[in-house]
1. Right, Ala9: closer than 25 Å to Gln72 by Cα and hydrophobic (A, V, I, L, M, F, W, C) or not?
2. Against the conditions (1) at pLDDT below 95; (2) in contact with a Leu (Cβ under 8 Å, 6 or more places away or on another chain); (3) aromatic (Phe, Trp, Tyr), where does Tyr45 fall short? Just the number, please.
Amino acid sequence: MQVQNVNTAQSLYALYETLSNETQQQFLQELMQKQADKLETLALYIACQEAKGENEFLSDDEATEFINSLPQ
């Protein structure tokens, strides 16, 4: 099932790439407006995965500062 999801995602992205620049921009705008929370969460997840893979971790002070900066 996971392979099917990856293939579907890759196919959808290939379709996106065939769109004109204007249509791509309109699609991204619509996606941002309707899925902003999910996109922000995904961006944070990807950044954390990359940092973990590079063994780059926040110090205790940086972690506290980051947590305090999050909206409540």
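The values are calculated or read from the model by the stated rules, or taken from the named source; none is laboratory data. Keep in mind it's a predicted model, so treat the numbers as computed, not measured. Heads up, the Cβs are rebuilt from the backbone with ideal geometry, glycines too, and the neighbour counts pull from every protein chain shown.
1. no
2. Tyr45 satisfies every listed condition except (2).
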